[in-house]
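Remarks on the structure that follows.
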Amino acid sequence: MKRVIIVGAGFGGIRAASALSGKGVEVLLLDRHNYHLFHPLLYQVATASLEQESIAYPVRAMMRRWKGVSFRMTEVCGVDLDQRQLKTSSGTIDYDYLVMSAGSISNYFGMESVQRHAFDLKKMEMAVGLRNQILGSFERASRETDPEVRRALLTFVIVGGGPTGVEFAGALHELMRHVLTKDFPELAATEKRTLLIEASDCLLTPYPEDLRRYTLEKLQQMGVEVMFKAQVSGAETDRVLLADGTIIPCHTLFWCAGVSASPLAKDLTAAKAPSGRVPVEPDLTLPGHPEVFVIGDLAYLVQDGAPLPMMAPVAMQQGLYAGKAILQKIAGTPVAPFRFRDKGIMATIGRSAAVASVHGLKFSGHFAWLVWLALHLMYLVGFRNRLVVLINWAYDYLFYERQVRLITREDEAGSCKKS
């Protein structure tokens, strides 16, 4: 029986495992966490709309009915392509076929100070940490007597005008406007500032121009400040530095200006594509190693003159393809090249506002927002998670409330020192 090792329980990895289940092969899924995380909604954990548990699902529960599939919680440390072995924190594992779906990390473009001080949304614990930072900043501001320090505490800088930056900016500003204003009546509305910084001259670059314009107008109507053609050059605990010399007093910096491939890419090939991604063959295999499939954010494949984006829909389709392609290789049948079928792009801006471009059709406003809600609910794993998220969204919409306003670290209140 052939052994297939899948690295990463993300969107691509779980779909590859599902495609191989019950097909007469031994499948071992590896991940450092014991859950599958729905990354597109992490920003709602950070903005106190959802509990972290509602967007995660245990891998072992997911695969109970996947015959021939097992799971191991372990850290993959390296790959020996010649020996067909994976080096992990729990030992060495041999494979016949390997599916690398290790995902990506934030790209800070060599700016160590930004990496040290900024928050990102690649992990669940970082989303919780960002929520603590936002709510903790309001608590500190409520007892701060220096107006300049208070304004800096209530200034939130978001770097990156893609879907994550736009969605986070809208959700954060609504949290401050509809909820925290009531929780902290002593803080003036004029002291609160949400600033979205983009290096190019537009938001949501891949979207049609009229949807980009709608997004900008909607954010500005909400009160979000947008800066174009601005580049961050560094950061400190209480300020963000721009390349033109501008200094923004700020205690919270959120970074979503770029991603790069997982560090595991270095073991797969010396030839790297942009963002450290691994160039692959048309069938998603590693050049010179037809037994190794590279999918998701890790893979670099040009289609119709442009590289496929590092997005969940690409990873999901590649995961299903890789699983089926392995079965075809075992059976000795030809494998057709991978072809991504673009089903559209969408982003939510705020309450009853979103943009979507699907098969040449463009939508904005309330209808696009409803479509966004429905699709995200559909792609969540687990009935309970869908129900909990739906209830939270309905409660937020009807009562202008966010129920998860919890600071889960113990340093915000300070400590009493014994004399």
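Specify which of the listed residues (355, 389) is touching a residue at least 12 places away in the same chain (Cβ under 8 Å), within 25 Å of residue 126 (Cα to Cα) and touching a Leu at 6+ places or on another chain (Cβ under 8 Å).
389
With the condition kept exactly as written, say whether any residue in the stretch 295-315 is closer than 19 Å to residue 273 by Cβ, out of contact with any Leu (no Cβ under 7 Å at 6 or more places or on another chain) and outside the structural domain of residue 13 (by TED's automatic domain parsing).
No, there is no match, as no residue in the stretch 295-315 is closer than 19 Å to residue 273 by Cβ, out of contact with any Leu (no Cβ under 7 Å at 6 or more places or on another chain) and outside the structural domain of residue 13 (by TED's automatic domain parsing).
Just to be sure before I move on: is residue 39 surrounded by fewer than 20 Cβ atoms within 10 Å (Cβ to Cβ) and closer than 20 Å to residue 134 by Cβ in the structure I sent?
yes
Take the residues in the stretch 60-90 that are farther than 22 Å from residue 10 by Cα and not polar (S, T, N, Q), then tell me which one is surrounded by the fewest Cβ atoms within 10 Å (Cβ to Cβ).
82
Are any of the residues in the stretch 243-258 farther than 21 Å from residue 167 by Cβ, outside the structural domain of residue 132 (by TED's automatic domain parsing) and without any contact (Cβ under 8 Å) to a residue 24 or more places away in the chain?
So far as the stretch 243-258 goes, no, none of its residues is farther than 21 Å from residue 167 by Cβ, outside the structural domain of residue 132 (by TED's automatic domain parsing) and without any contact (Cβ under 8 Å) to a residue 24 or more places away in the chain.
Looking only at residues in the stretch 103-151 that are acidic (Asp, Glu) and in a helix (DSSP H, G or I), which one is farthest from residue 37 (Cα to Cα)?
148
Looking only at strands (runs of 3 or more DSSP E) that fall completely inside the stretch 1-81, which ones have 1 or more residues that are over 22 Å from the mean Cα position of the chain (by Cα)?
Where strands (runs of 3 or more DSSP E) fall fully within the stretch 1-81 and carry at least 1 residues being over 22 Å from the mean Cα position of the chain (by Cα), they are 3-7, 26-31, 69-73, 76-80.
Do you know which residues across the stretch 173-194 are closer than 23 Å to residue 160 by Cβ and of a type in the set (Ser, Thr, Tyr)?
Within the stretch 173-194, just 194 meets the criteria.
If residue 58 satisfies all but one of (1) closer than 24 Å to residue 283 by Cβ; (2) of a type outside the set (Ser, Thr, Tyr); (3) without any contact (Cβ under 8 Å) to a residue 40 or more places away in the chain, what's the number of the condition it fails?
Among (1) closer than 24 Å to residue 283 by Cβ; (2) of a type outside the set (Ser, Thr, Tyr); (3) without any contact (Cβ under 8 Å) to a residue 40 or more places away in the chain, the lone unmet condition for residue 58 is (1).
Among the residues of the stretch 300-350, how many are among the polar types (S, T, N, Q) and either under 17 Å from the mean Cα position of the chain (by Cα) or farther than 20 Å from residue 378 by Cβ (or both)?
The qualifying residues number 4.
Scan the stretch 393-405 for residues that are in a helix (DSSP H, G or I) and either among the hydroxyl-bearing types (Ser, Thr, Tyr) or farther than 26 Å from residue 358 by Cβ (or both) and jot them down.
Result: 395, 397, 398, 399.
Tell me, which residue of the stretch 277-304 that is touching a residue at least 60 places away in the same chain (Cβ under 8 Å) and surrounded by fewer than 21 Cβ atoms within 10 Å (Cβ to Cβ) is farthest from residue 3 (Cα to Cα)?
Step by step, filter the stretch 277-304, then rank; the result is 289.
Condition check ((1) in the same structural domain as residue 250 (by TED's automatic domain parsing); (2) of a type in the set (Ser, Thr, Tyr); (3) crowded, with 19+ Cβ neighbours inside 10 Å; (4) in contact (Cβ under 8 Å) with a residue 40 or more places away in the chain) across all residues:
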{"site": "94", "(1), (2), (3), (4)": "no, no, no, yes"}
{"site": "116", "(1), (2), (3), (4)": "yes, no, no, yes"}
{"site": "134", "(1), (2), (3), (4)": "yes, no, yes, yes"}
{"site": "152", "(1), (2), (3), (4)": "yes, no, yes, yes"}
{"site": "164", "(1), (2), (3), (4)": "yes, yes, yes, yes"}
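I want to confirm something. Restricting to the stretch 224-271 and keeping residues that are in a helix (DSSP H, G or I) and more than 21 Å from the chain's Cα centre (by Cα), which single residue is surrounded by the fewest Cβ atoms within 10 Å (Cβ to Cβ)?
Checked the stretch 224-271; the qualifying residue surrounded by the fewest Cβ atoms within 10 Å (Cβ to Cβ) is 266.
What number of residues in the stretch 362-379 are surrounded by 16 or more Cβ atoms within 10 Å (Cβ to Cβ), among the aromatic types (Phe, Trp, Tyr) and more than 18 Å from the chain's Cα centre (by Cα)?
2
Quick grid of which residues meet (1) surrounded by fewer than 22 Cβ atoms within 10 Å (Cβ to Cβ); (2) touching a residue at least 60 places away in the same chain (Cβ under 8 Å); (3) of a type outside the set (Phe, Trp, Tyr):
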{"position": "311", "(1), (2), (3)": "yes, no, yes"}
{"position": "316", "(1), (2), (3)": "yes, yes, yes"}
{"position": "321", "(1), (2), (3)": "no, no, no"}
{"position": "328", "(1), (2), (3)": "yes, no, yes"}
{"position": "331", "(1), (2), (3)": "yes, no, yes"}
{"position": "336", "(1), (2), (3)": "yes, no, yes"}
{"position": "339", "(1), (2), (3)": "yes, no, yes"}
{"position": "343", "(1), (2), (3)": "yes, no, yes"}
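Please verify whether residue 360 is small (Gly, Ala, Ser), out of contact with any strand residue (DSSP E or B) (no Cβ under 6 Å at 6 or more places or on another chain) and modelled with pLDDT under 90, treating the condition exactly as stated.
yes
The values are calculated or read from the model by the stated rules, or taken from the named source; none is laboratory data. Since the structure is predicted, the reported quantities are computational estimates derived from the model, not experimental observations. Cβ sites come from the backbone with ideal geometry, for glycine too, and all protein chains shown count toward neighbours.
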